[in-house]
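**Q** The structure that follows is given in the form of structure tokens.
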Amino acid sequence: MKHIIITIMLILSSFAFLLGCFTTTEWTNTGHTWTETELHQYWDGFNDITLLNDDLVKRGYKYANEIDDVLLLDKAPRPEETMTRGWGNCTAMARYYMDFLRYKKSQNIRIVSKVKHYYLRGDVLKGQYHHFLIMTATDETLLMQSNFKITVQPNEQTCLDFWYSEGYHYQELRETLEF
């Protein structure tokens, strides 16, 4: 019984250590709490998703992991939260760009003709999963969004093959939107 208690204490203290290791408190605030109105005013300045991405990078927004990434309980924050934090993981960025595209669609502004949100998983024990978007631009150019990077791709299979070569073996198409 004594060994079980010691083992449980070690597991709990290890978990507390992991929380400290993965905390992003130094990144949790840009110094300004964004509102939905401010976010929409910011988004109103962009009719090109690559220019929006470039501006976020220029402002110092970064990719970062969260503790729930390790626990596979990842929940995408609202775009206002991502703007306030100044960082996001793959789940946050996929939601951010999907919400941007939905907002533009609600304004009758066509940024892309189609977007697909993919979820990929590799070795679960390593916490290997990823969310990304494949977008068909209005001129039929294919774009892949992954974290704070948007690249031009020759076709959808090239995007998927890239992730397979990175060790991901499970794919799920989470959402498709056409504009």
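The values are calculated or read from the model by the stated rules, or taken from the named source; none is laboratory data. None of these values were measured; they are calculated from a predicted model. Don't worry about glycine lacking a Cβ; one is built from the backbone with ideal geometry, like all the others, and counts go over all protein chains shown.
**Q** Which residues, taken from segment 110-138, are out of contact with any strand residue (DSSP E or B) (no Cβ under 9 Å at 6 or more places or on another chain) and either among the charged types (D, E, K, R) or at pLDDT 95 or above (or both)?
**A** If the condition is that a residue be out of contact with any strand residue (DSSP E or B) (no Cβ under 9 Å at 6 or more places or on another chain) and either among the charged types (D, E, K, R) or at pLDDT 95 or above (or both), then ARG110, ASP123, LYS126 are the ones that fit.
**Q** Do we have any residue at all in segment 158-173 that's over 12 Å from the mean Cα position of the chain (by Cα) and under 16 Å from ASP48 (Cα atoms)? First the steps, then the outcome.
**A** First pass over segment 158-173, keeping only residues over 12 Å from the mean Cα position of the chain (by Cα): 158-173.
Narrowing the set further to residues that are under 16 Å from ASP48 (Cα atoms) leaves none.
No, segment 158-173 contains no residue that is over 12 Å from the mean Cα position of the chain (by Cα) and under 16 Å from ASP48 (Cα atoms).
**Q** While we're on this one: Report every pair of residues separated by at least 6 positions or lying on different chains whose Cβ atoms are under 9 Å apart, first residue within segment 93-116 and of a type in the set (Asp, Glu), second in a loop (DSSP other than H, G, I, E, B).
**A** ASP99/ARG78
**Q** Name every residue in segment 84-109 that is in contact with a His (Cβ under 8 Å, 6 or more places away or on another chain) and over 20 Å from LEU143 (Cβ atoms), in order of residue number.
**A** THR84
**Q** Which one is surrounded by the fewest Cβ atoms within 10 Å (Cβ to Cβ) among residues in segment 97-117 that are under 15 Å from THR176 (Cα atoms) and among the aromatic types (Phe, Trp, Tyr)?
**A** My answer is PHE100.
For every residue, the table says whether it meets (1) under 16 Å from CYS90 (Cα atoms); (2) in contact with a Pro (Cβ under 6 Å, 6 or more places away or on another chain); (3) assigned to a loop (DSSP other than H, G, I, E, B).
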position: PHE132; (1), (2), (3): yes, no, no
position: ASP139; (1), (2), (3): no, no, yes
position: MET144; (1), (2), (3): yes, no, no
position: THR151; (1), (2), (3): yes, no, no
position: GLN157; (1), (2), (3): no, no, no
position: TYR168; (1), (2), (3): yes, no, yes
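**Q** Regarding THR176, is this residue among the polar types (S, T, N, Q), closer than 22 Å to ALA92 by Cβ, surrounded by fewer than 18 Cβ atoms within 10 Å (Cβ to Cβ) and modelled with pLDDT of 95 or more? Before you say what the answer is, go through the steps one by one.
**A** Numbers: among the polar types (S, T, N, Q): yes; closer than 22 Å to ALA92 by Cβ: yes; surrounded by fewer than 18 Cβ atoms within 10 Å (Cβ to Cβ): yes; modelled with pLDDT of 95 or more: yes.
Judged against the criteria, THR176 is a match.
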